[in-house]
Amino acid sequence: MTDTLEQTYYVIDFDSTFTKVEGLDELAHIALAGNPQRENIVQQIRDLTDKGMNGEMPFAEGLRHRIELLQANRAHIDDLVEFLRTKVSDSFARNRAFLNEFADNILIVSSGFKEFIVPIVTELGIKEENVYANTFVFDDEGNVVGVDESNVLSKDKGKVKLLQALQLEGDVYAIGDGYTDYELKAAGLANRFYAFTENVERERVMGVADHVVPSLDEFLFLNQLPRAQSYPKSRIKVLLLENVHPVARESFEREGFNVEFVKGALDEDELIEKIKDVTILGIRSKTMVTRRVLENAPRLMTIGAFCIGTNQIDLKTATERGVAVFNAPYSNTRSVVELAVGEMIMLIRNIFPKSNGMHAGKWDKSANNSFEVRGKKLGLVGYGHIGTQLSVIGEALGMEVYFYDIVDKMPIGNAKKLRSLDELLQIADVVSLHIDGRKENKNLIGKREFELMKDHVVFLNLARGHVVDVAALVEALKAGKVAGAGVDVFPYEPKTNKEPFESELRDLPNVILTPHIGGSTEEAQESIGNYVPERLLEYINNGSSTGSVNFPEVQLPVLKGCHRLLHIHRNVPGILAKLNNIFAKYNVNITGQYLKTNEQIGYVIMDVESSSYSEEFVQSIREVEATVRFRMLY
């Protein structure tokens, strides 16, 4: 170890810090395989570990009790090493560069055992001579029978005694999850103690720490040391609303983000209060992201709509402010189609009035007003992802399929495209809406449109609530013009399940009302819960905007060996030239450059050599006229 004066030393714990688990606990689990008392004994060992780490019992006493319970041998230690190779803490694994560059000044000081610590840490660049830990005592058969009592780390306050003996000259930063790590600071041997919480949180330890660091990235950021992440993800807040699927939350937490999860929707004022320090927002259909909300979200970079539609988001303002918006255009398509098919069949068969009668004790065995779907004309208003799938299934059921869409679409199978909405309404036996929520579609189906429809038509709205004049639908139902209706969406919908549902459609016969659950199947929600975070994480981690509904789409290669500069600007002439002039002025080498624009913004991505630029260069990029947002990744 170098003896140069005034160095900085990094004293790092091993169990639950360098690795995700406690080595001795896992060794017991391996060694006791096949023992009927394994779970009970392992739990005793874990309880002793926790008490020691929390400072609730003398360390030496707990260590000896654990060794007595262990029943391990050398072969079990070999198995443990293989297991621990898969359990290195994520933030340590991705910061090998720091571990290698500062190897002379990194000390692993652990109450664990060298036999399983050295093989793990040396693979990541730690020097074996800088590993301070206990050692096992073995009998002639290789069984663990004790601990080397001459090693100070086997004693109470062993870490303190070790550092006193080392007499390190310079600043000492201690990083760990246990109270024994804090004791280095309490004894005056460490300048600062950082409570490491990536794997376990101990309240007593966090309470005495100078800093609580959820990852090694956070420690490196605080001390401006070389790191894999330009900005620690633990500092990036994710707000997920409306009870999105748990896999979404898991995706962000697995990446190390700070996640807040809210079951219901928030109104404008509530969202403004919550969003002030949020970087990633996840919503479904009920939360309205207005201009006012966006103007009060200075750190917001991206929004994920865990649904198909994005009309609940002010896309123009989001784009102006450099906020990328993503949705899930395909993930729940099948679920909506299946609900539409089910409702169509139930309504044509007049099942619900029959069922309600049965519940009231009425036996009405007759074929009156009960028909097959085969041979009926299915009219689809909108021929996108849902409309086309419903078209295929409708045809498979023996229906004639007609559709109308304002965009020219290629018919699938024997479906026929009609020239106008009026033409479709006049010939369809079943009218099913599959259109988006743009303002122009408000009350697209009203009194006039219902009058155009055939008598006794079946009507489905699984699209958007405001595209139908509900009063006109109620009138058509009561007059018998519409024989049955299935409605899944409404102009106003309760924000939570506790709020009552009010509508003129309630209590009407042969009307199926569902609470906006067209895409609410376990399969669809899990699919959305996986798909949307993937897009958001690609954007935050890599800069890729593939799938964005408001940004120019750019699919970027994985960032390797360089720094990535992401520049969003108003789409005005000359910005790329200005940026390139700055690169030339500061003699910065570009290893990759990408530019895409849309009507509102331009998105420039520049990969540069990591050591080729200065702070002045970065500031010049930030100050380019028309810049909306600038960030760096490395």
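The values are calculated or read from the model by the stated rules, or taken from the named source; none is laboratory data. All values derive from a computational prediction rather than experimental measurement. As a convention, Cβ positions derive from the backbone with ideal geometry for all residues, glycine included, and neighbour counts pool all protein chains shown.
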Residue 631: passes all of (1) surrounded by fewer than 17 Cβ atoms within 10 Å (Cβ to Cβ); (2) over 20 Å from residue 552 (Cα atoms); (3) of a type outside the set (Ser, Thr, Tyr) but (2)
Among 630, 617, which is of a type in the set (Phe, Trp, Tyr) and either farther than 26 Å from residue 538 by Cβ or assigned to a helix (DSSP H, G or I) (or both)? 617
How many residues does the range 592-624 contain that are in contact with a Gly (Cβ under 9 Å, 6 or more places away or on another chain) and exposed (fewer than 14 other Cβ atoms within 10 Å of the Cβ)? 2
Scope the range 51-78; condition crowded, with 17+ Cβ neighbours inside 10 Å, at pLDDT 85 or above and over 20 Å from residue 40 (Cα atoms); matching residues: 77
Take the residues in the range 11-42 that are farther than 30 Å from residue 95 by Cα and of a type in the set (A, V, I, L, M); name whichever of them is nearest to the chain's Cα centre (by Cα). 42
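Conditions (1) among the small types (Gly, Ala, Ser); (2) in a helix (DSSP H, G or I); (3) over 19 Å from residue 344 (Cβ atoms), marked per residue:
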| residue | (1), (2), (3) |
| --- | --- |
| 419 | no, no, yes |
| 422 | no, yes, yes |
| 431 | no, no, no |
| 437 | yes, no, yes |
| 443 | no, no, yes |
| 454 | no, no, no |
Meets criteria (part of a strand (DSSP E or B), under 11 Å from the mean Cα position of the chain (by Cα), in contact (Cβ under 8 Å) with a residue 24 or more places away in the chain and crowded, with 20+ Cβ neighbours inside 10 Å) for residue 244: no
Would you mind stating whether residue 238 is more than 19 Å from residue 544 (Cβ to Cβ), surrounded by 23 or more Cβ atoms within 10 Å (Cβ to Cβ), outside the structural domain of residue 95 (by TED's automatic domain parsing) and at pLDDT 95 or above? no
Test: residue in the range 356-367 that is surrounded by 17 or more Cβ atoms within 10 Å (Cβ to Cβ) and in the same structural domain as residue 465 (by TED's automatic domain parsing): no
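May I ask you to say which residue of 565, 559, 579 is aliphatic (A, V, I, L, M), assigned to a loop (DSSP other than H, G, I, E, B) and in contact with a helix residue (DSSP H, G or I) (Cβ under 9 Å, 6 or more places away or on another chain)?
Answer to the check: 559.
A quick yes/no check of all residues on (1) out of contact with any Phe, Trp or Tyr (no Cβ under 8 Å at 6 or more places or on another chain); (2) on the phi > 0 side of the Ramachandran plot; (3) free of Cβ contacts under 8 Å to residues at least 12 places away in the same chain:
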position	(1), (2), (3)
328	no, no, no
334	yes, no, no
345	yes, no, no
349	no, no, no
353	yes, no, no
359	yes, no, yes
364	yes, no, yes
370	yes, no, no
